[in-house]
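The values are calculated or read from the model by the stated rules, or taken from the named source; none is laboratory data. For clarity, every value in this text was computed on a predicted model and none was experimentally measured. In this analysis, Cβ positions are derived from the backbone assuming ideal geometry, glycine residues included, and neighbour counts consider all displayed protein chains. The protein model used for the area step is the full one, side chains on, heavy atoms only, and it has no ligands, DNA or RNA in it. Shrake-Rupley method; radii C 1.70, N 1.55, O 1.52, S 1.80 Å.
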Amino acid sequence: MLNIANKNLNYDRPIMVDEGIYWIGFYDKQSGLHCNPYLIIEGDEAVVIDGGSRPDFPTVLMKILQTGVNPSSIKALIYQHYDPDLCGSVPNFEKIIKRSDLMIISDRTNNAFIRHYYVTSPLTALDEISHRFVFSTGRELKFIPTPYAHAAGSFVTFDAKSGVVFTSDIFGSYAVEWDLFLTFGSNCYDCTQYSACPGNKKYCPIPDILNFHRLLMPSERILRLTIETISRLPLKLIVPQHGSIIYEPNDIIHICKLLVDLKGVGIDGISDDRPFCQLGDLSCLMETFKKQ
């Protein structure tokens with residue numbers, strides 16, 4: 001892994017995250033939703049993960065070119081779910097790549113929506129390629145399903161060579177305060193005073209990470225299952241599509257614990273703590289029809 005702790009980052013350029021892996025996103029200082037497309041270069045081949053929105057495409061393309069990659073060497077576009085901030089630029093990529101064998105890879109349920117982005121290339125489902133993409137060098141990307149986190153066909157991508165896991169919305173955040181690489185520090189692990197940092201930091205990222213998951217994930221159970229699935233990987237870096245990269249082992253453990261224990265996620269935040277057996281009460285509907 002690269003020594004990234006003390007980098008002076010230039011967000012106007014592609015940023016190397018690990019060997020052959022580049023952040024090619026757009027640092028929008030006015031937006032709280034930072035979208036992070038990634039480029040993986042292996043020999044004379046490349047793939048793009050969660051390529052980004054249509055408005056961001058000129059910036060993403062510029063950064064691809066700055067890495068020295070010819071767009072025609074991009075063999076695959078990987079989309080970990082179907083939201084427009086990931087998939088909106090699919091037609092732009094197709095026009096610039098100009099490959100008849102370009103693969104657009106996602107879960108089969110995602111492809112039912114991705115086709116509506118005016119896609120002309122064949123859509124490849126994960127099960128058609130045994131949930132993996134293999135470069136000609138043998139470098140392998142594994143696609144691990146994380147259903148309903150937050151889409152039915154959501155998945156994460158694990159690069160076995162680097163130990164980088166691209167987690168899409170998981171471990172993401174919505175915040176105007178942003179850096180590509182995130183560290184907590186040892187004094188953060190037992191802290192619960194997020195609004196008044198004992199270490200006098202001006203900004204604590206934890207509340208924004210937790211609130212993002214409360215808002216976006218469907219339920220506590222789904223979030224716990226997803227974190228458990230990711231934690232089984234021999235990972236070294238967590239690279240979300242929103243928010244910041246988490247690279248310190250203790251930081252990764254810390255945020256995983258916070259998310260596993262998080263309450264009020266999705267439906268669990270609005271169901272009044274009723275047991276599931278009590279949800280779906282149709283008595284009001286029955287009374288309505290009785291009065292007619």
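Things to note:
- Applying the criterion of being open to solvent by 40 Å² or more (accessible area, probe 1.4 Å) and in contact (Cβ under 8 Å) with a residue 40 or more places away in the chain to the residues of the range 240-257, the residue that is farthest from residue 183 (Cα to Cα) is 250.
- The one condition from (1) open to solvent by less than 10 Å² (accessible area, probe 1.4 Å); (2) modelled with pLDDT of 95 or more; (3) not β-branched (Val, Ile, Thr) that residue 72 does not meet is (1).
- Cross-chain or 6+ apart pairs with Cβ under 6 Å, the range 68-82 first and farther than 14 Å from residue 102 by Cβ, then assigned to a loop (DSSP other than H, G, I, E, B): 80/50; 81/151; 81/154
- Close pairs (8 angstrom Cβ cut-off, 6 or more residues apart or separate chains): under 16 Å from residue 252 (Cα atoms) and open to solvent by 90 Å² or more (accessible area, probe 1.4 Å) in the range 184-205, of a type outside the set (Val, Ile, Thr) and modelled with pLDDT under 75 anywhere: 187/198; 187/199
- Meets criteria (under 28 Å from residue 73 (Cβ atoms), surrounded by fewer than 20 Cβ atoms within 10 Å (Cβ to Cβ) and within 18 Å of the chain's Cα centre (by Cα)) for residue 143: no
- Pick from the range 48-57, criterion surrounded by 22 or more Cβ atoms within 10 Å (Cβ to Cβ) and not acidic (Asp, Glu), ranking: nearest to residue 71 (Cα to Cα): 48
- Of all residues in the range 75-111, those that are hydroxyl-bearing (Ser, Thr, Tyr) and buried (at least 18 other Cβ atoms within 10 Å of the Cβ) total 4.
- Checked against (1) at pLDDT below 95; (2) closer than 19 Å to residue 148 by Cβ, residue 259 passes all but a single condition, namely (1).
- Selection count, the range 116-130, where residues are over 18 Å from residue 91 (Cα atoms) and free of Cβ contacts under 8 Å to residues at least 24 places away in the same chain: 4
- Within the range 48-76, the set of residues being assigned to a strand (DSSP E or B) and either touching a Cys at 6+ places or on another chain (Cβ under 9 Å) or under 16 Å from residue 16 (Cα atoms) (or both) comprises 48, 49.
- Within the range 89-115, no residue that is closer than 16 Å to residue 45 by Cβ sits with its Cβ atom under 6 Å from a residue that is in a helix (DSSP H, G or I) and acidic (Asp, Glu) at 6+ positions apart or across chains.
- Some residue of the range 38-47 being among the hydrophobic types (A, V, I, L, M, F, W, C), open to solvent by 50 Å² or more (accessible area, probe 1.4 Å), at pLDDT 85 or above and not in a loop (DSSP other than H, G, I, E, B): no
- Unique residue being under 19 Å from residue 243 (Cβ atoms), open to solvent by 10 Å² or more (accessible area, probe 1.4 Å) and either of a type in the set (D, E, K, R) or modelled with pLDDT of 95 or more (or both) when the list is 12, 28: 28
- Of the set (1) in contact with a Pro (Cβ under 8 Å, 6 or more places away or on another chain); (2) open to solvent by 20 Å² or more (accessible area, probe 1.4 Å); (3) touching a residue at least 24 places away in the same chain (Cβ under 8 Å), all apply to residue 65 but (3).
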